[in-house]
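Report on the structure given below.
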Amino acid sequence: MEFTIGDMVIEALGSYGDDRAIEFWATVHGAEAPAVFAIHREHDKDWESACLTVDPSSGSVPVAAVEWAVEFAREYL
């Protein structure tokens with residue numbers, strides 16, 4: 001799924017297996033590469049145990065992208 005928020009495009013790349021993870025790519029207009037991060041939780045844990053993991057090669061991740069991704073993940077994790 002791809003969403004446009006202001007000058008940023010966020011792609012939600014789906015959930016994976018028992019760990020229940022959703023990977024996101026956030027591309028800000030003019031950026032060289034997307035910021036890549038994931039929100040994940042164990043299959044036997046509740047939403048409050050969810051974690052955010054940022055790809056070390058991504059550099060910075062816009063806070064607005066994380067806020068949007070958290071709301072998205074609450075619906076699908």
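The values are calculated or read from the model by the stated rules, or taken from the named source; none is laboratory data. Since this is a predicted model, take the numbers as computed values, not measurements. Cβ atoms come from the backbone with ideal geometry, glycine included; neighbour counts cover every protein chain shown. The accessibility values were calculated without ligands, DNA or RNA, using every heavy atom of the protein model including side chains. Shrake-Rupley method; radii C 1.70, N 1.55, O 1.52, S 1.80 Å.
So, in the stretch 10-62, how many residues would count as being assigned to a strand (DSSP E or B) and either of a type in the set (Ser, Thr, Tyr) or more than 12 Å from the chain's Cα centre (by Cα) (or both)?
Going through the stretch 10-62, the residues assigned to a strand (DSSP E or B) turn out to be 10-15, 21-28, 35-40, 51-54.
Of the ones still in play, those that are also either of a type in the set (Ser, Thr, Tyr) or more than 12 Å from the chain's Cα centre (by Cα) (or both) are 15, 27-28, 53.
Residues in the stretch 10-62 being assigned to a strand (DSSP E or B) and either of a type in the set (Ser, Thr, Tyr) or more than 12 Å from the chain's Cα centre (by Cα) (or both): 4 in total.
Is the stretch 53-66 home to any residue that is touching a His at 6+ places or on another chain (Cβ under 7 Å), surrounded by 14 or more Cβ atoms within 10 Å (Cβ to Cβ) and modelled with pLDDT under 90?
Filtering the stretch 53-66 down to residues touching a His at 6+ places or on another chain (Cβ under 7 Å) leaves 53.
After this cut, where a residue has to be surrounded by 14 or more Cβ atoms within 10 Å (Cβ to Cβ) as well, the list is none.
Checked against the condition, which is being touching a His at 6+ places or on another chain (Cβ under 7 Å), surrounded by 14 or more Cβ atoms within 10 Å (Cβ to Cβ) and modelled with pLDDT under 90, the stretch 53-66 yields no hits at all.
Here's the yes/no breakdown for (1) at pLDDT below 85; (2) touching an Asp or Glu at 6+ places or on another chain (Cβ under 9 Å); (3) open to solvent by less than 60 Å² (accessible area, probe 1.4 Å):
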site	(1), (2), (3)
11	no, yes, yes
16	yes, yes, no
20	yes, yes, no
24	no, yes, yes
28	no, yes, yes
46	yes, no, no
51	no, no, no
